[in-house]
Amino acid sequence: MTHELRDAILSGFIPPGEQLRPRDLERRYGVSATPVREAIQRLAAERLVQIAPHRHATVVALDVDELEHIYELRLLLEPIAVARSLERGDSEWLAEVEAAHAALVAYGEEYSAASLYAHIHFHDTMRSRCDSPWMLRFIDELVMHSERYRMLRMEPKRFEVASLEHAMLVEACRNDDGPRLAKLTHAHLNGTLDVVRRRLAEDVRPASTGAVSTDHIVDAAQPS
């Protein structure tokens, strides 16, 4: 239940600021009250859900300051992690990177929970050989939160550019070029940050409402 609810939040199927009504979730996912209650508590611990004093739970709203803090750390850590991963990479790792990239490309411009995880998996795979478990742990948490912003505030033009950047990242891996891989990773993250930050400033309502448009999200968060 936690996984399904997390997917729905990260993909935008359940939008920022929306109240989570346990009975509605029980009916939607066909589960009892206990799994829903446990899922809400776990996602509150992950800071994807906020539980008010009166016990109403809502999806955490998007916030420009939070976005800045998330990417400040990603821009510091991720270029280091991918460069370290490349240093320890081998032909098997490169094949995994290429396969993850091919899987991501196959989704095209689809916005869904599945495409979200393909994007996460691609970047996870590139830094998977990094020798710092703590660095990877911190990055994983930052990625989870930043992906929610990316899914909700991406735009077609940036998507096209990002797709080209992904291909350049793979090429740097093939060429065993650590400095270039780190530089491209920084530029890739910064490019997404610029677009998302601008779109939040333009059209996200005050954080107290958490209301954003999610019309572009493919309904892939519901159970099959």
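A short reminder: the numbers here are calculations on the coordinates, not readings from a lab. Quick caveat: nothing in here was measured; it's all calculated off a predicted structure. Using ideal geometry, Cβ is built from the backbone for each residue, glycine included, and neighbour counts are taken over all protein chains shown.
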field: Ellipticity estimate at 222 nm from DSSP helix runs (n ≥ 4, -39,500 (n - 2.57)) divided over the chain, nearest 500
entry: -22500 deg cm²/dmol
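If a/c stays under 1.5 just call it rounded; otherwise compare a/b with b/c (prolate if a/b is bigger, oblate if not). Do that for segment 2-59, with a ≥ b ≥ c from the square roots of the Cα gyration tensor eigenvalues.
rounded
Please report 168, 151 as a ranked list, fewest other C-beta atoms within 10 angstrom at the top and most at the bottom.
Working: 168 14, 151 22.
Result, fewest neighbours first: 168, 151.
Tell me, 150, 127, 199 in order of fewest to most beta-carbon neighbours within 10 Å? Could you put the intermediate results ahead of the total?
Working: 150 21, 127 24, 199 18.
Ascending Cβ contact count within 10 Å gives the list 199, 150, 127.
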- line: The helix 64-88 Cα axis meets the longest alpha-carbon principal axis of the chain at an angle in degrees, between 0 and 90 and rounded to 10, of 40
- request: Describe numerically, in nm with one decimal, the distance between label points set 7 Å from Cα along Cα→Cβ at residue 155 and at residue 73.
  value: 2.8
Sequence-separation-based contact order of the chain, relative, with Cα cut under 8 Å and 6+ spacing, percent: 34
- request: Of the options 9, 32, 69, report the single residue whose Cα projects farthest towards the positive end of the charge dipole of the chain (beta-carbon charges: Lys, Arg +1; Asp, Glu -1).
  value: 32
message: With a 10 Å cut-off between alpha carbons and a GNM built on the chain, which of 118, 102, 61 moves the most?
response: 102
- prompt: Assigning unit charges at the beta carbon (Lys, Arg +1; Asp, Glu -1) and nothing else, what dipole magnitude in debye, to the nearest 20, does the chain show about its Cα centre?
  reply: 660
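Average the reciprocal distances over every distinct pair of alpha-carbons in segment 44-150, invert the result, and give the Kirkwood radius in Å.
This gives a value of 15.4 Å.
Apply the a/c threshold of 1.5 to the C-alpha gyration tensor of segment 94-136 and tell me whether it is rounded, prolate or oblate. Walk me through the intermediate numbers first.
Numbers: a/c = 4.63, a/b = 1.75, b/c = 2.65.
In terms of gyration-tensor shape, oblate.
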message: Quick check: the distance between the Cα centres of segment 1-33 and segment 69-115, to the nearest angstrom?
response: 28
statement: For 25-35, 78-88, 134-144, ranked highest to lowest by mean beta-carbon neighbours within 10 Å, the order is 78-88, 134-144, 25-35
query: For residue 177 and residue 102, FRET efficiency with R0 = 25 Å and r from the beta-carbon atoms, rounded to 0.05?
result: 0.75
